[in-house]
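Read-outs throughout are calculated quantities, based only on the coordinates presented, and are distinct from any laboratory measurement. Just so you know, these numbers come straight off a predicted model, no measurement behind them. FYI the Cβ positions are ideal-geometry reconstructions off the backbone, even for glycines, and counts take in every protein chain you see.
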Amino acid sequence: MAYVVTDNCVDCRFTRCVAVCPVQCFHFDEAMVYIDPDTCIDCAGCVDACPVGAIDDEFNLADDKRHWIEINRERAAALPRLTSSLEPLPGAEARKAALGR
Amino acid sequence: MSTAPAHKASSRRYRVAVVGAGPAGFYAAEALLQAPEGVAVDLFDRLPTPYGLVRYGVAPDHPKLKQVITVFRAIAGMPGFRFLGNVTVGQDVTLDELRRHYHAVILACGAQRDRPLDVPGADLSGVHGGMAFVGWYNGHPDQRDLALDLSGRTAVVLGLGNVALDVARILSKPAEALANTDITAHALDALARSNLDRIIVAGRGGPAQARCSEKELREFAALPAGVTSADSGNYQNAPESGVPALFARLPTGERQSSRRRHFTFGMRPAAILGDERVRAVRFIRSKVRDGVAQPDPAGEEETVDVAADLVVACIGSLATHVAGLPLVADASAARHELGRVLDERGGVPGLYVSGWIKRGANGTIGTNRADSVETVACLLADLRSLPEPPRPVEAITGANTPIGRASVSFSQWEAIDSREVILGSTQLKPREKFTCIQSMLAVSRENANQYTN
């Protein structure tokens, strides 16, 4: 069981999660970040760090979010690793507000 | 013993000592070693073993968290890194002396002291601190002689944080369920003979005030033996998510079962009762409304005595004592700003903190990474203005110095590590830890002799 990044990250990509990840298990593309489930050690540090609540324990995911488990696994394997935080995407604050966060 | 390899000083202009080889120390070392300024790092620990609370804090039944050690090993392999175990700052070398040999010192030696339970009877036999108890089952050399008496039937664990939940879970699990973990042999033996069949976890606050994580609490529903129950949070609307929801889903009444665990809320310890040994804990009980304890300022609250044969107080930690380090008023951490240590005159040049000694005992392993990155950013910004240390590093760590002779290098630690893994494999455990420093040193010395013979 690992932690999973879901759709709230899309177009935000605040990447505060990356700064607190002890094992550097985040990978990224132009839209969002993904967790490599084989590297994640389930410490849960990223959950509270995310300003838009995009990350959750696999266990807690609603049925309509469960497909993100496989997306994280596949995308993390194909994308470069992220070792420190990036600038949030332009419009991230607006999207955060739209998400009611 | 052989000494740590000398630094290849040429490309690294600066040298920094990091004190404490736990997560905060390793992440500080990583950030320093990556800096373009060119920094060599000596990572000190008072024990011959690195990894701090990953080795001595993380519960033996949480092996996945310990995989972070892979990252620490990679940091130990970075150019410019040295580990100097078995060196106690404040005893083998003073902090002031260290500061004369390094451009800067980062203290990352944690919050090792249990916050004392400040009630009458707290010194009775059978009353222990959470950090001490965790160190005992994890084979910490300081706790190997902790005389834990598990012959009684009831344990009371004070606190609702993750340490309290770890302690309650380890006390509740059948020993068979721990047999194939790296739990230390003396603890496994004691737990296998334990008569405890009732574990009461008592928090001052209500379920909505508990600091434990969802993941830790969820494990109680899946324990292999007995039942878990909890007081009601007396909610108007039942909580839907998080820790409060998990508590609300537990049955409210204590059920009869061979091993029972019960969470009780609004319970402020007022005294430990007993003659020589603990017999009961006296609590002042507050009403809990909507998940939150409501202390009555008039003081007309109910007094409840709960029978107890063992008490483990998991009520927080105090910063590790370092002579001369200024602490905040409640002693939970050092006085600092963004990691720069502050005394009454302002910033102390070249002295920094990271990890629990900086922010208090909170957060996850990775919190220390962000914490150390912040501290190291301040240190690097200060680096050019710090005076050149008057004495060279080799004058205290060289082959013919007391530290040089006594210290354990990373490769010597790896010899200890391999031996522990071999010892564990014969019992189907991932490792069997040495709990005696002399045994660790003997193994590291054997390895050195192999190379010289």
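Numbers below:
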| item | result |
| --- | --- |
| Residues (crowded, with 18+ Cβ neighbours inside 10 Å and part of a helix (DSSP H, G or I)) located in the range B:418-436 | B:Arg419, B:Glu420, B:Gly424 |
| Residues satisfying the stated conditions in the range A:50-81, i.e. surrounded by fewer than 21 Cβ atoms within 10 Å (Cβ to Cβ), hydrophobic (A, V, I, L, M, F, W, C) and closer than 25 Å to B:His62 by Cβ | A:Phe59, A:Leu61, A:Ile69 |
| Among (1) assigned to a helix (DSSP H, G or I); (2) within 14 Å of chain B (Cβ to nearest Cβ); (3) among the charged types (D, E, K, R), the one test that A:Asp38 misses | (1) |
| Residue satisfying condition, being of a type outside the set (S, T, N, Q) and within 14 Å of another protein chain (Cβ to nearest Cβ), within set B:Ile416, B:Ile365, B:Ile403 | B:Ile365 |
| Those strands (runs of 3 or more DSSP E) lying entirely in the range B:286-325 with at least 2 residues within 21 Å of B:Pro207 (Cα to Cα) and without any contact (Cβ under 8 Å) to a residue 40 or more places away in the chain | B:302-307 |
| B:Thr228 vs. criteria under 18 Å from B:Leu160 (Cα atoms), without any contact (Cβ under 8 Å) to a residue 40 or more places away in the chain and touching a Ser or Thr at 6+ places or on another chain (Cβ under 6 Å) | no |
| Of the criteria (1) under 20 Å from the mean Cα position of the chain (by Cα); (2) in contact (Cβ under 8 Å) with a residue 60 or more places away in the chain, which one B:Ile272 fails | (1) |
| Residue that is surrounded by the fewest Cβ atoms within 10 Å (Cβ to Cβ) [pool: residues in the range B:14-28 that are farther than 22 Å from A:Cys40 by Cβ and within 14 Å of another protein chain (Cβ to nearest Cβ)] | B:Gly25 |
| Members of the range B:388-427 found to be in contact with a helix residue (DSSP H, G or I) (Cβ under 6 Å, 6 or more places away or on another chain) and under 16 Å from B:Thr49 (Cα atoms), listed by number | B:Ile403, B:Val408, B:Phe410, B:Gln412, B:Ala415, B:Ile416, B:Arg419 |
| Identity of the residue in the range A:41-57, part of a helix (DSSP H, G or I) and in contact with a helix residue (DSSP H, G or I) (Cβ under 6 Å, 6 or more places away or on another chain), that ends up nearest to the other protein chains (Cβ to nearest Cβ) | A:Gly45 |
| Every residue from the range B:48-78 that is outside any helix (DSSP H, G or I) and facing chain A (nearest Cβ under 9 Å) | B:His62 |
